[in-house]
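As structure tokens, the structure follows; a few thoughts come after it.
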Amino acid sequence: MNIANNDNKLRVFGEFQLDVEERVLRHSGRPVDIQMKEIEILLTLTESPGRLVTKQELIERVWPDAFVEESNLSRHIYRLRRIFEELGESGKMIQTVPRRGYRLALPLAAENAMLTIERHSVTRTLIEEIEHSDPPDRQPKTYGSVSAQQRRSLPQLATIGLAILLVLTGSLGFLAMRTNEPSLPYRPGSLAVLPFRGAVTESEDERFGVAIAESIAGTLGRQNQITVRSVNSSVTTAAGPSQAGEIGREAQVDAVLVGEYTNSTGGISLKAELIRVADGSVVWASELESSDGDFFKLQETLAHLLAKSMAIDLHVHPNGRATASMPVRPDAQKLYMQGRYFWSKRDYDSLIESQRLFKEAAEADPNFALAYVGLADSKMFREDPTESLVAVNRAIALAPNLGEAFATRGFIKMFHFWEWDAAESDLKRAIELSPNNGSARQWYGLLLAVKRRFDEAELQMSSAVQIDPTSPNFLADLGMVHYFSHELDRAVNSCREALRLDEEFHFAHGCLSDLYFFTGDHESMIRHSYVVTGKISPGSSSNTDLSMANAASGARDVQKYLESLIQQVESTKDRNGNRHIAKARAELKLGYPDRAIASLNRAVDERAFLSPYVNADPIWDPLRERQDFKNLIARLRL
């Protein structure tokens, strides 16, 4: 390379000038926005242009007093290449010498790369190679079949053929992988993973396709460079590439991953395509096969390959999923994935079914950490949290870096034990390990709201909604946070959006009932309360149903309604502690504050699940300065 060096103060290569003293890079005389670490890398590479500089040498020069991983260096190299290309540089100015280092070279003319066909054994070695390799080359590559001109490149074909032969002969159980990359690494700001389609459309296969999507989304979600979500609330496994654009726009994402799977006696396979929502173009595709039946391993590999195509380093470490030393049995994987499908529905019958499936998964493979997380999740809403806590602690013992486990334990510590500091620590750890875990952000948002840190709560809850805008659960809880912070219009809008997605979603109806109770809109309050209790159907317009709510809209009828609610709570043998909170609300509305506080204390005595909300719910604002109410809050350790 032609490097002009005047007293080693100015190094010129192409249209770039590197000022050694001022530590500034210029392009055609204009300063380039570049990080100082990247300046240090360029200073090292330009000292001896054309010479191989090892990764270790670069790390020691750029980070002399710190321990850093190679991935840090890789990210800065990738940024330099992107900056050079954005400024019109053709070809690769910084060349990679695989597994050794880098060299600064003259720009090379871009060449059409051939469609690559690689074969690998699905082992931890492949995952490690993907993790520690550099971001993908930005040299243009042709997506599609091999052209006639490419077929004439006999030396290149011979080289590739020999490489394939060597890999094939070196591995008995192999993974066939065909990956096509676009001309430039495409990194969307947000990505939705659709349920994978199976060979048949039986219900079990649909559940399995949903679970595959959630697993891939979970693996990709370990990074915080793009927003990743699975889409299953209103999408079936029949959805394919033709529906990707419409679904992507509905999910408010930039790209959609669609795929197919097969599961037969001969092995398993996954096929996937990444589709850009804006124009419907396929920007990445991959096909993987394996004969060992390990879907988790295959899904992890697919997720890593997709991440690598987007120049993303997942930084994955063994976390209880498939590893070389502790593989997960395929039958346990399938049971777990089906259990997740049922758990996501959150109704009573589905929770019971998910509990059965998670238990069978743990019995099939006692070292399968995610099965214990699922078992804990399926039991976390019980009055007695003992079994749930035991299960999640077992998961953490098996997989200390499993974000899902810390999220579940944080939830348990928050709602069952009122250990607020410990719960917050677990939830923050969960988000650190899995930035795209919407449930972790949702539950952390609830904790912050209970502690009356409303601005922080809204930030976390909004992040959960951004991760999955199609989740009525996230939207309803966002509405509740708005209600707690007295932003009533925003609360109504969030809850209505949740009901637009699922008109039978009781949590949203319950939030609206509480909100209208607070504002004095008794007709709306009773209407939504009746939906929760099943007295009228969602969206009902029949005269009979509407008259039930309208009849109670007058002041006298509202009083009768509240008095009947109190009598119902007092006469029932239901041990649900939350009933005392409903009774206290009615007593406060009727003008009996002392009775209301007594009922709240009864709810705390029975460790009612919703007790912590008393600290944030504005309905109790008239009582906050009373000492007996302050004593009540102290019992909640708030």
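The values are calculated or read from the model by the stated rules, or taken from the named source; none is laboratory data. Note that the structure is predicted; figures quoted are calculated from it, not measured. FYI the Cβ positions are ideal-geometry reconstructions off the backbone, even for glycines, and counts take in every protein chain you see.
In table form, for the structure just shown:
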| read-out | value |
| --- | --- |
| Residue tally, condition at pLDDT 80 or above and surrounded by 22 or more Cβ atoms within 10 Å (Cβ to Cβ), over the range 228-256 | 5 |
| The range 313-363: number of residues that are modelled with pLDDT under 80, among the polar types (S, T, N, Q) and touching a Leu at 6+ places or on another chain (Cβ under 8 Å) | 1 |
| So Ala371, is it under 23 Å from the mean Cα position of the chain (by Cα), under 20 Å from Trp443 (Cα atoms) and aliphatic (A, V, I, L, M) | no |
| Verdict on Thr265 being modelled with pLDDT under 75, of a type in the set (S, T, N, Q) and touching a Lys or Arg at 6+ places or on another chain (Cβ under 9 Å) | no |
| Matching helices (runs of 4 or more DSSP H) fully within the range 553-638 where at least 1 residues are of a type outside the set (D, E, K, R), surrounded by fewer than 13 Cβ atoms within 10 Å (Cβ to Cβ) and modelled with pLDDT of 95 or more | 627-635 |
| Residue under evaluation Leu459, criteria (1) among the hydrophobic types (A, V, I, L, M, F, W, C); (2) over 20 Å from Phe381 (Cα atoms); (3) buried (at least 19 other Cβ atoms within 10 Å of the Cβ), criterion not met | (3) |
| Matching residues in the range 471-509 - criterion: being under 22 Å from Tyr530 (Cα atoms), at pLDDT 90 or above and aromatic (Phe, Trp, Tyr) | Tyr483 |
| Which listed residue, of Ala278, Ala307, is touching a residue at least 40 places away in the same chain (Cβ under 8 Å) and assigned by TED's automatic domain parsing to the domain that holds Thr227 | Ala307 |
| Subset of the range 418-452 (residues that are at pLDDT 95 or above and surrounded by fewer than 16 Cβ atoms within 10 Å (Cβ to Cβ)) | Glu419, Asp421, Ala422, Ser425, Lys428, Arg452 |
| Among (1) at positive phi; (2) at pLDDT 80 or above; (3) not hydrophobic (A, V, I, L, M, F, W, C) - the single one Asp33 does not satisfy | (1) |
| Test: residue in the range 374-396 that is under 19 Å from Leu351 (Cβ atoms), part of a helix (DSSP H, G or I), within 14 Å of the chain's Cα centre (by Cα) and small (Gly, Ala, Ser) | no |
| Which numbered condition Phe474 misses (of (1) without any contact (Cβ under 8 Å) to a residue 40 or more places away in the chain; (2) surrounded by fewer than 24 Cβ atoms within 10 Å (Cβ to Cβ)) | (2) |
